[in-house]
Amino acid sequence: MHIGFLIQNEAMIPHGELLMRSLARTSYESVRIMVPEGEMELVQMLRESYPQKTVLIQPFSMPEAHRKFPFADKLSAAAAAESALDGTLLWMDTESIVFGDLSPLELGEGEVFAYRPVDKKLLGCGNGEPLSAFWQQVYGVFELEDAFEPMLTGVERDSIRPYYNAGCFLLKTDRKILQFWRDVFYAFIERKEIQALFEESVLYKIFVHQAVLTGAVLASTTPEERILLPDAVNYPIHLHGFHPLNGSVKTSMNLISGRYDTYFNQDEDKRNFPFDDETASWIDASALQLDWYYE
């Protein structure tokens, strides 16, 4: 298994450092840290920080016009990582922490894509509801039939049509799903129908990358090739108080990995997630606050 994530600018270095530190808890073939090619000083800094042969610092390119489009850098980075690898890639958001061994998640024979569902429905389309105008556009560009088994959202447990969490997934690189995702995405966001939805609500702009990932996966794989990752993977730390498993998570070591998102933006008295002592000793909450980087 290869692991990839993005460090887009200097402000994300503390997040990347925490993730790298936690990766000592698992085995892997390589870690690929993706950096925009315009951040060559950052590339050099990271190469000096991580001289190991198993840690590769890889610049990637993306359309300059979309450099600040929400999460366009993430999908461009993931696609570039996929194109450079042969085998299995676990892609993670930078604001992730590994608590246990990830290697048991390795894909088996005939398995191509392993996922977590989105945490909340938000723009998702409920099972039994008509396809929204947004999802009609997604299904249309990928020529998908509306005939998929529903899934439950990770936190609220709503029954929805497939809608995959782009913060953590595992796939076989030979299918080139992420390159497909990238190529369709940049054409898709230029459609006038989608542009109109962006004007209607900023949520469409924020989550369109995730919807297009869903379409790319559904168009590239069969149901038998897609597998659900356990709840203990990519656990939403920032939503801990609302998660159905919060009562059984006595310590972060009950989990495999988590994603903290804006957890450290909250006041200290509202942070109620039970980090294990070792992880807690690594955390500098002020350095891990997330600012909105995109347009």
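Numbers at a glance
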| quantity | calculated |
| --- | --- |
| Charge dipole magnitude, Cβ of K and R +1, D and E -1 - the chain, Cα centre, debye nearest 20 | 120 debye |
| Chain lengthening between Ile283 and Arg21 when straightened (0.36 nm per residue, less Cα-Cα) | 93.2 nm |
| Mean Kyte hydropathy of -1.0 or more with a Cα span along the axis of at least 20 Å, helices from DSSP in the chain | 202-220 |
| Where GluC sites (Glu not before Pro) fall in DSSP loop in the range 176-221, at most 15 other Cβ within 10 Å | Glu190 |
| Entries of Lys192/Lys270; Lys176/Lys250; Lys120/Lys250; Lys176/Lys270; Lys53/Lys270 with Cα pairs more than 30 Å apart | Lys192/Lys270; Lys176/Lys250; Lys176/Lys270; Lys53/Lys270 |
| Percentage of interatomic Cα-Cα distances in the range 119-214 larger than 17 Å | 52 percent |
| Segment Val202-Leu122, length gained on full extension (0.36 nm per residue, minus Cα span) | 27.6 nm |
| Over the chain - Rg/Rh using Cα atoms and the Kirkwood inverse-distance radius | 0.94 |
| Tensor-based shape of the range 34-79 (alpha-carbon gyration tensor, a/c under 1.5 rounded, otherwise prolate or oblate) | prolate |
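Values in this text are rule-based calculations from the coordinates and carry no lab data. Model, not experiment: these values are computed from the prediction. Virtual Cβ from ideal backbone geometry, glycine too; neighbours counted across all protein chains shown.
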